[in-house]
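The block underneath contains the structure these notes are about, expressed in structure tokens.
The values are calculated or read from the model by the stated rules, or taken from the named source; none is laboratory data. Only a predicted model underlies this, so the values are computations on that prediction, with no experimental measurement involved. Positions of Cβ are generated from backbone atoms using ideal geometry, with glycine treated the same way; all protein chains shown enter the neighbour counts.
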Amino acid sequence: MRATVDHDRRAAIVYATAQLAELAGVPPRVICECGAVRIETEVTEHLRRRWAELLAVLDLGTAFGLTDTTTGQIAWLSFQAGESFRS
């Protein structure tokens, strides 16, 4: 069972990364944290015009959000180890 969960989680991470890259037009940053993988990208005007599609990708993770920076916003999603994700 654990191998299936790990495989499913990896597949979801790969899928979300590819979808975010397609929407943003640039590869997102993938950050491995203790017990989690975080995927993030700058929120551009292009992404703002595709907001509903962006939210659908962000909702794939176990958590997601927006972070304000001095230069704009970063949209991110994360996959926590041991937690189920949305499909």
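Summary of values
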| item | result |
| --- | --- |
| Breaking point among (1) at pLDDT below 95; (2) farther than 14 Å from Gln73 by Cβ, for Ala24 | (2) |
| From the options Arg38, Arg10, residue that is modelled with pLDDT of 95 or more and among the basic types (Lys, Arg) | Arg38 |
| Residue ranges of strands (runs of 3 or more DSSP E) in the range 7-87 with at least 3 members more than 9 Å from the chain's Cα centre (by Cα) | 29-33, 63-69, 72-80 |
| Single condition Ile74 does not satisfy, out of (1) touching a residue at least 40 places away in the same chain (Cβ under 8 Å); (2) surrounded by 15 or more Cβ atoms within 10 Å (Cβ to Cβ) | (1) |
| Selection within the range 27-41 - aliphatic (A, V, I, L, M) and in contact (Cβ under 8 Å) with a residue 12 or more places away in the chain | Val30, Ala36, Val37, Ile39 |
